[in-house]
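Colleague: Structure below; questions to follow.
The values are calculated or read from the model by the stated rules, or taken from the named source; none is laboratory data. Here the structure is a predicted model, which is why all the values come from computation and not from measurement. Virtual Cβ from ideal backbone geometry, glycine too; neighbours counted across all protein chains shown. We work out accessible area using only protein heavy atoms, side chains counted, and drop any ligands, DNA or RNA first. Shrake-Rupley method; radii C 1.70, N 1.55, O 1.52, S 1.80 Å.
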Amino acid sequence: MADRVTVIGWDGSPLTSAARSALAAATLVAGAAHHLALPEVPPTAERIRLGSLHLAARRIAGHRGTAVVLADGDPGFFGVVRTLRAPEHGLEVEVVPAVSAVAAAFARAGMPWDDAQVVVAHPRTLRRAVNVCRAHSKVAVLTSPGAGPAELALLLDGVHRTFVICEELGTDRERVTVLTSDKAADHSWRDPNVVIVIGGAGQVSAAEPGWLFGQPPHLTATRGWARPRPEGDGSPGEGPAGEGESAQLRAAQLARLGPRAGDLVWDIGAGSGALAVDAAALGAAVIAVDADPRACERVTAAARRRGVQIQVVAGRAPHVLENLPEPDVVRVGGGGAEVVAAVADRRPERIVSHASTRDDAEAIGRTLGEHGYAVECALLQSVGLDTRTWAEQERSVVFLLAAERPVSR
């Protein structure tokens, strides 16, 4: 076990006295090539070029002496400290932080970032990082080889954003480039880089104060979801609810879907946009599909009122679904078994639908089962009451079908 492990963050500025002292006493130094080339690294110290952090941690754990790990930016912010402190390594560390790459990138852009989302993009998480960029108007992406600005731009096809690309921050090769997302795929970018992704209808005035990191004030101001929509109150889908749009059914559908940050939701037959808006407010990226141009206008207006990002696609399912990016969860609000079959072919994790008759419910359930989904069905009945007279206002009876794709072994 190393006698002492110090993790030093480096942001290109001169090392602090605490960092220099730790390096002077080090008998082992781990870091990237540009870290190991720093003049403060003792010539007699053993040097480890960081590749696999877990392999390096094992070597540090077996070292008898004083170890230093050098890392870019703040090593406690999506950095090496988490790996070094993992229980299997048993390392207690002291940390000398520096300005994080995200903070430096926003400083170069001259923008506040308390209302920004921050995501890490690896090849295995790239699609989820892109979904966060679809869902929010300000996102910082910590990229990696194979999941950089070009790949982000390609997967954001059809969604307009502005990229602020900060390459090799803190070095003499630092470069900051601002361009639209459709142009980013045409360039080669140097690693490491941070991409600030901004734009969309949900942007909030920079002067508006917030109180919770990563959450614009407008997304924390509205309480609840799947709320009733009184006629004429300006709520999403103003007017009487259509088939399948009762608040009670929407609540059950959202509960089964479980939309979350990093997910892409398809809402097929979006109607008023009420469910799409609720899913977006819960942090998911949403593509709302409807064949009726007036419905598309209502969805766009509902998203604007709530201050959320929704991509609206006009067209008739199932044909319009062919070119859409892969969904995580899907609500089928219309089209019956034919559309459900097309959705199931794309293998989302969860699918919910509804039917007004038992025959239609059986057809949808049979289709889902044939595609290998585990299906549940419930008959939901709700009756609205006027609390002044307790007279019945409206009644809704509908079959709710929820399907989950079995977990691959």
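Colleague: Return one number: the angle in degrees, 0 to 90 and rounded to the nearest 10, between the long axis of the Cα atoms of helix 358-370 and the longest principal axis of the Cα atoms of the chain.
Modeller: It is inclined by approximately 30 degrees.
Colleague: Let me ask another. Please give me, ordered by residue number, the trypsin sites (Lys or Arg not before Pro) of segment 1-102 that lie in loop per DSSP and have at most 14 other Cβ atoms within 10 Å. Spell out each step's value before the answer.
Modeller: Values: sites: Arg4, Arg20, Arg47, Arg49, Arg58, Arg59, Arg64, Arg82, Arg85; in loops: Arg64, Arg85.
In loop regions of segment 1-102 (DSSP not H, G, I, E or B), the sparsely surrounded trypsin sites (Lys or Arg not before Pro) are Arg64.
Colleague: Out of the GluC sites (Glu not before Pro) in segment 1-95, which ones are loop residues according to DSSP with at most 15 other C-beta atoms within 10 Å? Can you show the working numbers first?
Modeller: Numbers: sites: Glu40, Glu46, Glu88, Glu92, Glu94; in loops: Glu40, Glu88, Glu92.
Within segment 1-95, the qualifying GluC sites (Glu not before Pro) (loop, at most 15 other Cβ atoms within 10 Å) are Glu88, Glu92.
Colleague: With a 10 Å radius around each residue's Cβ, average the other Cβ atoms per peptide and rank 395-407, 175-187, highest first.
Modeller: Details: 395-407: 16.9, 175-187: 14.8.
For the peptides 395-407, 175-187, the packing ranking is 395-407, 175-187.
Colleague: Could you compute how much accessible surface Val93 exposes when probed at 1.4 Å, giving the result in Å² to the nearest 10?
Modeller: Number for this one is 30 Å².
Colleague: Taking the full set of protein chains and a 1.4 angstrom probe, give the accessible area of Val332 in square angstrom, rounded to the nearest 10.
Modeller: 0
Colleague: With the other protein chains left in place, how much accessible area per residue, in square angstrom, belongs to the chain at a 1.4 angstrom probe? Let's see the in-between values first.
Modeller: On the way: 19810 Å² over 409 residues.
Ligands and nucleic acids excluded, the figure is 48 Å² per residue.
Colleague: Counting DSSP beta bridges in the chain, what percent are antiparallel, to the nearest 5?
Modeller: 50
Colleague: Sticking with this structure for a sec: Summarise the accessible area of segment 265-328 (1.4 Å probe, protein heavy atoms) by the percent that is carbon and sulfur. Let's see the in-between values first.
Modeller: Working: 1150 of 2360 Å².
Its accessible area is 49 percent carbon and sulfur atoms.
Colleague: Simple spin-label model, 7 Å along Cα-to-Cβ: Ala61 to Ala314 in nm?
Modeller: So the two model labels end up 6.0 nm from each other.
Colleague: In addition: Testing the spin-label approximation: label points 7 Å from Cα along Cα→Cβ at Arg347 and Arg294. State their distance in nm.
Modeller: 4.1
Colleague: Same structure, new question: Sort Trp225, Trp390 by heavy-atom solvent-accessible area, probe 1.4 angstrom, most to least.
Modeller: Numbers: Trp225 115, Trp390 165 Å².
Descending order: Trp390, Trp225.
Colleague: Once the piece of chain linking Ser52 and Thr171 is laid out straight, how much longer is it, given 0.36 nm per residue of separation minus the C-alpha distance between them?
Modeller: Details: separation 119, 0.36 × 119 = 42.84 nm, distance 2.34 nm.
40.5 nm is the gain from fully extending Ser52 to Thr171.
Colleague: Given a 1.4 angstrom probe, I'd like the percentage of the accessible area of segment 1-123 that is carbon and sulfur, rounded to a whole number.
Modeller: Answer for segment 1-123 is 54 percent, counting heavy atoms of protein chains only.
Colleague: Return the distance in nm (one decimal) between the two label points of a simple spin-label model at Arg190 and Asp3, each offset 7 Å from Cα along Cα→Cβ.
Modeller: The answer from the label model is 3.9 nm.
Colleague: Please go through segment 151-180 and write out the GluC sites (Glu not before Pro) that DSSP classes as loop and that have at most 15 other C-beta atoms within 10 Å.
Modeller: Values: sites: Glu151, Glu167, Glu168, Glu174; in loops: Glu168, Glu174.
For GluC sites (Glu not before Pro) across segment 151-180 that sit outside H, G, I, E and B with at most 15 neighbouring Cβ atoms in 10 Å, the list reads Glu174.
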